[in-house]
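Working notes, beginning with the structure itself.
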Amino acid sequence: MLQILQTVAYLFLSAVAIILLLIIIAVFAYFKNKRKLSHLPGYCQFIPAQLVKRNSFLSKYLYTNTEIVYSKVPEFIEKYGPVYKVVSAVGRPLIFITDGDFAKIITSKGYKLFEKDRNGSDKFHELFNGDNVFTVSDEVQWRKHRLLLNPAFTDDNLSDAVITFTNKTIQELMDKINKQSNVREVSSDMSGLTLDIIGRAGFGYEFGCTDASSRKTELSLSEKTKSLMGSFPTYFLTPTKFVRQNLKVGSLKALHDCKDSFVSEIAAIIAKRSKEGEEEAANDMLSLLLRAREEQGERFSDYELIANCFIMIVAGHETTSQTLSYALYLLAKHPHIQEEAYSFIKSKIPDHHSRSFNYIDYSENLSYIHNIFDETLRMYPVAVGVVRKLKSDLEFKGYKLPKDTAVFYNWSVEFVSEKNFTNPEQFIPNRWNDQGSGQNKIYTPFGIGNRSCIGKKFAKIESVLCLARLICNYKISLKDPNYVMDTDVNVTMQPAKPFFAIFTKRQ
């Protein structure tokens, strides 16, 4: 008995010693980073913003991650100016830049002056044992990933897969609305819709979210993806690789369990598609990737393929579903714009009430819906900015930015600035009719430079087609007329709480 108590005491004291050591390391890192950026104005908060959100007491006095990167940015600009630092005890310090001229430097200098910040990419690599096109920091490796992915995103392949499966999937959702309740939890419906589309167009795989008759147990893959996304901040904040990989308790254990299950399920899909690829030339994105890997003879491991599949699911599912949710919210809040869009489609597309129509045939006649899509991303950019690491010292408008510092260019501020847009707080889709205006140079919701989103055309075709079909078939209104959208920024910007809409079938 005494020996057991001694062992327990030893383990307890060891845990306390480790925690104290980590706190000491965090304190030294905090003051070191403060000194490094002492020449810059800005905000220093010892407790990481990601942890503040989880404590109602702390959130009264300290800033959350959402406030620092989005909602409180105008206040920071007024207090500190367009360039300021944000330093905490865990994670790298960030220099926030909200001046649109910095985007020109990223575009013109590119990889000569900047590199992908390794803070996230290294941790993603260690979690999945492989890089993906979004997180890989090395320029040569990024080009390898991009070269392999390019065939899946050509115009012909996008036309074949995305249009076909978007029409099929949105029709299934509308059939469900017509047969079941017309009061819908929008974010949930849009999440299922976009997951089914990326499953079919990306992997030739049926998640069965919109078609109840085809629902499978594999639907849990979507839940695992969401769980992984929600757990990333905890993983990123956990110090040292050893602790992240071996301390499998609480949310870290849940993350590792989800990751292991996700990897095994994606590996099974890859194996299935590889076998089918030998028998028939499928045109889903995964089959194209597998053929490209074989034809190019690239040393592209299955782990790297799985990592790219994960980012394709996230980028092709979560971000698009959020954009569609915001668009439907804005249309519900502005019924006159909704009716203008319906009248526009009705006058341009004769078969607008059919169960499908070809996006390519009517692309030019959907210009008003394109405007709604662009205006939605201006007001609710799913990605609020981009992080780059400086390869050398840089002076920007009198501010000295040190080498090896992470710089966060926050473009969301420019999207709602009066210097760039007239009445920026208003939802005005027709502002995008003037394609030659200067606002198009500021508007960068899919990123800037050579690392801009490879799937932006996929997302736009999918979103515009879904919005057009829904507007043609329903009048959309909020269940609660007083509902006001609030957002939360984790990895991406997302609605902070669910919202419900009523889909009234048009006669």
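The values are calculated or read from the model by the stated rules, or taken from the named source; none is laboratory data. Because the structure is a prediction, the values reported are computed rather than measured. Here the Cβ is made from the backbone with ideal geometry for all residues, glycine too, and neighbour counts use every protein chain on show.
Is there any pair linking a residue in region 41-54 that is touching a residue at least 12 places away in the same chain (Cβ under 8 Å) to one that is surrounded by 19 or more Cβ atoms within 10 Å (Cβ to Cβ) and of a type in the set (D, E, K, R), with Cβ under 9 Å and at least six apart or on different chains, and which?
Within 9 Å, the pairs are 41/85; 42/85; 43/85; 44/85.
What residue, of 497, 475, is within 24 Å of residue 177 (Cα to Cα) and at pLDDT 90 or above?
Exactly one residue qualifies, and that residue is 475.
Condition check: modelled with pLDDT of 75 or more, in contact with a strand residue (DSSP E or B) (Cβ under 8 Å, 6 or more places away or on another chain) and at negative phi. Does residue 163 satisfy that?
Criteria not met by residue 163.
Can you tell me which residue is nearest to residue 65 (Cα to Cα) among those in region 370-393 that are touching a Leu at 6+ places or on another chain (Cβ under 9 Å) and at pLDDT 95 or above?
Looking at the filtered set, the residue picked out is 380.
Testing residue 326 on (1) out of contact with any Ser or Thr (no Cβ under 6 Å at 6 or more places or on another chain); (2) modelled with pLDDT of 80 or more; (3) not small (Gly, Ala, Ser), one condition comes back false. Which one is that?
All conditions are met except number (1).
Any residue in region 266-277 that is at negative phi and acidic (Asp, Glu) sitting within a Cβ distance under 8 Å of a residue that is surrounded by 18 or more Cβ atoms within 10 Å (Cβ to Cβ) and modelled with pLDDT of 70 or more? List the pairs, counting only those 6 or more apart or interchain.
Matching pairs, first to second residue: 276/204; 276/287.
Would you confirm whether any residue within region 56-74 is of a type outside the set (Phe, Trp, Tyr), touching a Lys or Arg at 6+ places or on another chain (Cβ under 6 Å), surrounded by 13 or more Cβ atoms within 10 Å (Cβ to Cβ) and not in a helix (DSSP H, G or I)?
Yes, region 56-74 contains at least one residue that is of a type outside the set (Phe, Trp, Tyr), touching a Lys or Arg at 6+ places or on another chain (Cβ under 6 Å), surrounded by 13 or more Cβ atoms within 10 Å (Cβ to Cβ) and not in a helix (DSSP H, G or I).
With the condition kept exactly as written, say whether any residue in region 478-489 is modelled with pLDDT under 90 and charged (D, E, K, R).
yes
Could you grab me the full set of residues in region 168-191 that are in contact (Cβ under 8 Å) with a residue 40 or more places away in the chain and out of contact with any helix residue (DSSP H, G or I) (no Cβ under 7 Å at 6 or more places or on another chain)?
If the condition is that a residue be in contact (Cβ under 8 Å) with a residue 40 or more places away in the chain and out of contact with any helix residue (DSSP H, G or I) (no Cβ under 7 Å at 6 or more places or on another chain), then 168, 171, 177, 178, 182, 183, 185, 188 are the ones that fit.
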